[in-house]
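Presented below is the structure to which this report refers.
Coordinate-derived values only; no laboratory data. The shown structure was predicted, so the numbers you read here are calculated from the model rather than taken from an experiment. Note that each Cβ is placed from the backbone with ideal geometry, even for glycine, and that neighbours are counted across all protein chains shown.
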Amino acid sequence: MSFAALTRLQQGLAALQADHLERRRLLLDGAQGAHVTINGQRVISFCSNDYLGLAADPALVDAAHAALDACGVGAGAAHLITGHHRLHHEFEAAFARFIGKPAALLFSTGYMANLGVLVALAGRRGEVFADKLNHASLVDAAQLSDATFTRYRHADLSQLEGQLAASRAQDKLIVSDLVFSMDGDTAPVDALLDLAERYDAWLYLDDAHGFGVLNDGRGGLTKRARASDRVVYLATLGKAAGVAGAVVAAHQSVIDWLIQKARSYIYTTASPPLLAACLLESLRQIEAGDARRERLRGHIAQLREGLAGLKLGSLLDSITPIQPLVIGANADAVRLSQALLQHGLLVPAIRTPTVPAGTARLRITLSAAHSTDDVTQLVEALRALA
């Protein structure tokens, strides 16, 4: 008997393959790092978000071993039952102190954090105002929140102000990535805060790619934003922090409200306590990580100088470890990524729907774990291919 729905799936998969949009998982052996083994091939990786090289850092590994012996593996229950371990609590307090916010709340993933916050703060009587280039998790969270969902052109504060002025929602929530994951540019934090104050709105900033990297490691928050009660700040912990999860920092009343109302926090088993132990060590490394950040900034400058004037594509303006080289067509970006792999360089081709049609790109990400020789090899290979 034929199964029409399955046939449609198979036809859809064939169409993705024909359009160079099919995605395949790479198989990693061993630890994450600047040099990894993928599908049996040893390569230099320029696609990890491990910006400070902490994912396999010996100090974090030691913290995991110690916590494993003391706490076991699983948390065993949700945070509001018996899963909230002292290590979770200590990390939340340490993170809040480091960021300069009154309180913090640890979530199992960034996706769950965004969903929990937007549903709890907006809801049916609210309106979410979101930058069009926000991460997919923010888009999904806004759509699932039951709030009115309004998007503004990327970084277009004039359009955003018009939308805020026209809104009759009881609760307004401006939502933006702080570092945009595909372009590498940063949000105008204080200008967004000006609008939040003028129109009595929350400002929710997802700093997935800035925490640990920007400024002194505390991410892209300005001094004024740290002090504002209306700013809710999120940092993901599987990127520069090198571990897993996400943490939200805000006014104590906001955190208390999330504990009561954030369903993605309440109705799931807590993350393993050993991860919280690793995060405490990671936070110490980030706080003392000026040398790592300086090395990373050096790699960024080296790459940008080396690719200046490259005819192969357009290198977007970015001061972050995310350095996008826009190629254009999907097939060309895929072909270039495959050619680099033959040189032992792993650089992903990013295509629609992740980026707009016609802007397929190589998303080069740099790490403090890279050497100057690693970056030189990438620059020389791209120039040879051009």
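Compared with the direct C-alpha span, the chain from SER2 to GLN338 gains 117.2 nm at full extension, assuming 0.36 nm per residue.
How big is the dipole moment of region 58-287 about its Cα centre under a simple scheme where the beta carbon of each Lys and Arg is +1, that of each Asp and Glu is -1, and everything else is neutral? Debye, nearest 20, please.
Roughly 420 debye, rounded to the nearest 20.
Counting only residues at least eight positions apart within a chain, or on another chain, the lysines with an alpha carbon under 30 Å from that of LYS172 are LYS101, LYS132, LYS223, LYS239, LYS261. The local environment of TYR265, defined by Cβ-Cβ distances under 14 Å, has a net charge of 0 under the rule Lys, Arg +1 and Asp, Glu -1. Tally Lys/Arg at +1 and Asp/Glu at -1 over every other residue whose Cβ is under 11 Å from the Cβ of ARG125; what's the total? Local charge sum for ARG125: 0.
Electrostatic bookkeeping for THR376 treats Lys and Arg as +1 and Asp and Glu as -1; over the other residues with beta carbon under 13 Å from its beta carbon, the sum is -3. With the alpha-carbon atoms of region 103-188 aligned to their principal axes, the span from lowest to highest coordinate is 36, 32, 24 Å, starting with the largest. Among LEU144, LEU193, LEU283, the largest mean-square fluctuation in a Gaussian network model of the chain (Cα springs under 10 Å) belongs to LEU144. Below 8 Å between Cα atoms, with a sequence gap of 6+, how large is the relative contact order for region 58-287 in percent? It comes to 31 percent, rounded to a whole number.
Each Lys and Arg Cβ is given +1 and each Asp and Glu Cβ -1; about its Cα centre, the chain then shows a dipole of about 600 debye. Could you pull out the longest piece of the chain with no exposed loop chymotrypsin sites (Phe, Trp or Tyr not before Pro) in it, calling a site exposed if DSSP puts it outside H, G, I, E, B and it has at most 13 other Cβ atoms within 10 Å? Longest site-free region, per DSSP loop and neighbour criteria: 4-266. Counting only Cβ charges, +1 for Lys and Arg and -1 for Asp and Glu, the dipole size of region 130-229 around its Cα centre is about 120 debye.
As an equivalent ellipsoid, region 167-260 spans semi-axes of 22, 16, 12 angstrom, where each value is the square root of five times an eigenvalue of the C-alpha gyration tensor, largest first.
Using the Cβ-Cβ distance between LEU144 and ARG198 with R0 = 45 Å, the FRET efficiency computed as 1/(1 + (r/R0)^6) comes to roughly 0.95. Summary value for the chain: 23 percent relative contact order, contacts being C-alpha pairs under 8 angstrom separated by 6+ residues. Between ALA56 and ARG297, the distance separating the two model label sites (each 7 Å from Cα on the Cα→Cβ line) works out to 2.8 nm. Protection proxy ranking, highest mean first, for peptides 13-20, 73-80: 73-80, 13-20, where packing is the per-residue count of other beta-carbon atoms within 10 Å, averaged. The base-10 log of I(q)/I(0) for region 58-287, evaluated at q = 0.16 Å⁻¹, reads -1.06 [Debye formula, identical scatterers on Cα atoms, solvent excluded].
For region 11-154, the fraction of C-alpha pairs farther apart than 27 angstrom is 51 percent.
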